[in-house]
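Enquirer: Supplied in structure tokens, the structure appears directly below.
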Amino acid sequence: MAKIKFEYIWIDGYKPKANFRSKTKIIEMDSFDGDISILPEWAFDGSSTKQAEGNFSDLLLTPVRSYPDPGRRDAFFVLCEVFNPDGTPHESNTRHGLKDVPDIWVGFEQEYVISLGGKPLGFPKDGFPAPQGPYYCAVGTGNVAGRDFVEAHLDECIDAGLGMSGINAEVLLGQWEYQVFAKGSLKACDDLMISRYMLHRMGEYYGYKIDLHPKPVKGDWNGSGMHTNFSNEPMRTKGGKKMMNDICEAFAKTHKEHMEAYGPDNDQRLTGLHETQSIDKFSYGVSDRGASMRIPASTAKTWKGHLEDRRPASNADPYLILQKIQKSLEKVKF
Ligand code: MG
């Protein structure tokens, strides 16, 4: 029998910016094959996470998906949903409201800033580095900062079985991006959440903070977004220019609803500058990085494939993003 460590991970009740919380349960067993049905529910003190009052504070963690944890011996991540004592989903439990649509494929482009001493890594103690321009997809000391951290995080994500599909240095010094892809909307969101959890934990080992704010540095510096690429079966197999335009037009009608779910402080990022459309406008176009929705050139070639919603902020809740995307897609006649 081995003592296996299960890290129960959940989202707290802080607003507008929720945080990860987690605690370890040790269970003695021969081995664990990923079957979460054998994992028990576990109570926690919701009064310490802004999820309950002190006099009625026990909430329940229900395991919903597990991943191997490459950072610890004999360990697994256990993603959990939070439930009230009466069995209803807690209001902070946004995952519960997302219907799993297996035929929706999602690729998230998660941008973030590695932060040290309240500034992006690589920024001088006083003032600013040279203006942005040389940092995007760069190599070399002074051009990028934090590559050792980024590589370590990538390896852990791959070893955990996440659908990592790439990394790159971003436009702001100390800013990076990784891409994570999955088939099935719920799986995609779960994978993203675990990759974010690992960012924060890896940051502890390096003494870095992970800044997911959509406008980490004021002024003429790029913000951080989470472009969300999506497709469904008809988009991939039937396609057509009309279908892609119909989808964009449907999204134009629900723009405001989407923006309410695409992350706090996103208005500071979506200004119409720095490869964004302004927050109160919706536009779309082939290869257009100044649009709300980009029709990638690869999609326009055959009019089959995915679309890129460029509006979500780096700090957005993926379950809310996909809820909105799925709702808008339901309005399209495929
Ligand atoms: Mg990017």
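Since every read-out is calculated from the coordinates, none of them should be taken as a lab result. None of the values given here were measured: they were computed from a predicted structure. With ideal geometry, Cβ positions are generated from the backbone for all residues, glycine too; neighbour counts draw on all protein chains shown.
Enquirer: Among 110-118, 20-28, how do they line up from the highest to the lowest mean number of other beta-carbon atoms within 10 Å?
Expert: 110-118, 20-28
Enquirer: What is the mean projected area of the alpha carbon convex hull for the chain, to one decimal in square nanometres?
Expert: It is 18.2 nm².
Enquirer: If only Cα atoms are counted, what is the Rg of the range 210-249, and what is its Dmax, in Å?
Expert: For the range 210-249, the Cα radius of gyration and maximum Cα-Cα distance read 16.6, 44 Å.
Enquirer: Please turn the phi angles of the range 104-115 into ³J(HN,Hα) values with the Karplus equation 6.51 cos²θ - 1.76 cosθ + 1.60 (θ = phi - 60°), one per residue in order, whole Hz, x for glycine and proline.
Expert: 8, 9, 10, x, 8, 10, 8, 9, 7, 10, 7, 10
Enquirer: Compute the FRET efficiency between N55 and K25 as 1/(1 + (r/R0)^6), taking r as their Cβ-Cβ distance and R0 = 35 Å, and round to the nearest 0.05.
Expert: For R0 = 35 Å, the calculated efficiency reads 0.85.
Enquirer: Oh, and also: Which whole-Hz ³J(HN,Hα) couplings does the range 192-207 yield from phi under the Karplus relation 6.51 cos²θ - 1.76 cosθ + 1.60, θ = phi - 60°, glycine and proline marked x?
Expert: Listing the rounded values in order: 4, 4, 5, 5, 5, 4, 5, 4, 5, 5, 4, x, 4, 5, 9, x Hz.
Enquirer: So if R0 is 35 Å, what FRET efficiency would D220 and K183 give, r being the distance between their Cβ atoms, rounded to the nearest 0.05?
Expert: According to the calculation, E is roughly 0.35.
Enquirer: If I take all pairs of Cα atoms in the range 109-224, what percentage of them are more than 20 Å from each other?
Expert: Values: 2605 of 6670 pairs.
Summing the P(r) of the range 109-224 above 20 Å gives 39 percent of all pairs.
Enquirer: Sticking with this structure for a sec: To the nearest 20 debye, what charge dipole does the range 44-114 have about its Cα centre, counting +1 at the Cβ of each Lys and Arg and -1 at the Cβ of each Asp and Glu?
Expert: 180 debye
Enquirer: Rounded to the nearest 20 Debye, what is the dipole magnitude of the range 2-92 about its Cα centre when Lys and Arg each give +1 and Asp and Glu each give -1 at the C-beta?
Expert: Once rounded to the nearest 20, the dipole reads 460 debye.
Enquirer: What percent of all Cα-Cα pairs in the range 174-306 falls in each 5 Å bin, counting up from 0?
Expert: With 5 Å bins starting at 0, P(r) equals 2, 9, 15, 19, 20, 18, 10, 5, 2, 1, 0.
Enquirer: With +1 assigned to the C-beta of every Lys and Arg and -1 to the C-beta of every Asp and Glu, and no other charges, what is the dipole magnitude of the range 113-221 about the Cα centre in debye, to the nearest 20?
Expert: Value, rounded to 20: 300 debye.
Enquirer: Using label points projected 7 Å from each Cα along Cα→Cβ, tell me how many nm separate K242 and A297, to one decimal.
Expert: Each label point is offset 7 Å from its Cα along the Cβ direction, giving 2.8 nm.
Enquirer: Can you give me the distance in nm between label points at D288 and E330, each placed 7 Å from the Cα along the Cα-to-Cβ direction?
Expert: About 2.8 nm, to one decimal.
Enquirer: Which semi-axes, in whole Å and largest first, does the equivalent ellipsoid of the range 2-92 have when worked out from the alpha carbon gyration tensor as the square roots of 5 times its eigenvalues?
Expert: 25, 14, 11
Enquirer: Just to confirm a number: summing +1 for Lys and Arg and -1 for Asp and Glu over residues other than Q268 whose beta-carbon lies under 15 angstrom from that of Q268, what do you get?
Expert: -2
Enquirer: Could you tally the net charge around E7, taking each other residue with its Cβ under 12 Å from the Cβ of E7, Lys/Arg +1 and Asp/Glu -1?
Expert: Residues near E7 contribute +4 overall.
Enquirer: For the pair A2 and R73, how long in nm is the line joining their label points, each one 7 Å along Cα→Cβ?
Expert: About 1.1 nm separates the two model spin labels.
Enquirer: For every other residue with a beta carbon closer than 12 angstrom to the beta carbon of G239, add +1 if it is Lys or Arg and -1 if Asp or Glu, then tell me the sum.
Expert: +4
Enquirer: Using 0.36 nm times the number of residues separating E91 and A43, minus their current alpha carbon distance, what extension gain do you get?
Expert: Between E91 and A43, full extension yields 15.6 nm more.
Enquirer: Please list log₁₀ I(q)/I(0) at q = 0.15, 0.21 Å⁻¹ for the range 15-147, using the Debye equation with identical point scatterers on the alpha-carbon positions.
Expert: Log-scaled intensity ratios, in q order: -0.98, -1.26.
Enquirer: Roughly how many whole Å is it from the C-alpha centroid of the range 74-148 to that of the range 161-203?
Expert: Cα centroid to Cα centroid, the span is 6 Å.
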